[in-house]
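Asker: Quick one: structure below, then a few questions.
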Ligand code: DAT
Ligand code: MG
């Protein structure tokens, strides 16, 4: 039983809302708890309902090894947070060539592909899933042109990079691409559905 489960049980018993008397019954509740928690992967937080369509759209953003080495992770996360998108998944990892070859499957025949693989496996990356209305397209605009030389100032690549071989960040380029990439990098249980208390300041 992990800390979260312990806290929840403590609260249940403290508030007298659990009338299970026997140890067996308690054990039975404990054994069912993880799957209950996994249903919908809902985390604690404010609950809010909205009729705005498409606010559950998700995209994959990654800070590439150059961004991590240059300690840009915080600034990059801040941009998406302050825009109003919701972080629903986050992890740091050293990527395997196998995962990268799936991620960049469309680029396998490109001349720069071997150096891209080498660069992307040269150090840790920070991978995130962000959620919100039109998040895929909005994040592409925020990230900027693939080639930093053509990226506008104010975009991540336009502000933090100069060459296409070190362009700091990845962003999914379409809804279908985002779905494929999120499934590749994250397990469903690692993505949290949580309600942000600022929801009504972002959406109607
Ligand atoms: P994006 O990352 O903007 O979606 P992409 O999918 O075409 O761009 O390419 C993936 C990455 O490959 C890109 O972020 C950097 C690298 N790359 C693309 N074109 C390149 C080139 N001509 N030379 C070196 N690296 C390149
Ligand atoms: Mg791409």
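No value in this document is a laboratory result; all are computed from the given coordinates. Predicted model, so just to flag it, every value in this text is computed and none were measured. All Cβ positions, glycine included, derive from the backbone under ideal geometry; neighbour counts span all protein chains shown.
Asker: How far apart, in nanometres, would the label points at residue 141 and residue 203 be if each is projected 7 angstrom from Cα along the Cα-to-Cβ direction?
Answerer: Distance between label points: 1.8 nm.
Asker: Return 197, 139 ranked ascending by Cβ neighbour count within 10 Å, so the fewest neighbours appear first. Kindly include the intermediate steps, with their values, before the conclusion.
Answerer: Working: 197 11, 139 24.
Least crowded to most crowded, the residues run 197, 139.
Asker: What residues of segment 60-97 lie in the reach of a label at residue 112, counting those whose backbone N is under 16 Å from a point 7 Å from the Cα along Cα→Cβ?
Answerer: Flagged as within label range: 64-67.
Asker: Just to be sure I understand the model, the point goes 7 Å from the Cα along the line to the Cβ. What's the resulting residue 69 to residue 189 distance in nm?
Answerer: Once both label points are built, they end up 3.5 nm from each other.
Asker: Here's something else I'd like to know. Just for the Cα atoms in segment 110-187, what are the lengths along the principal axes, largest first, rounded to whole Å?
Answerer: Its Cα atoms span 30, 28, 23 Å along the three principal axes.
Asker: Averaging over all projection directions, find the projected area of the Cα convex hull of segment 58-200 and quote it in nm² with one decimal place.
Answerer: Numbers: hull surface 33.5 nm².
Its Cα hull, projected and averaged over all orientations, spans 8.4 nm².
Asker: Can you give me the Cα centroid spacing of segment 132-204 and segment 108-128 in angstrom?
Answerer: Cα centroid to Cα centroid, the span is 18 Å.
Asker: Let me ask another. Can you give me the distance in nm between label points at residue 150 and residue 91, each placed 7 Å from the Cα along the Cα-to-Cβ direction?
Answerer: 3.4 nm
Asker: Please give the residues of segment 77-118, grouped as numeric ranges, whose backbone N is less than 19 Å from a label point set 7 Å along the Cα-to-Cβ vector of residue 134.
Answerer: The answer is 79-87.
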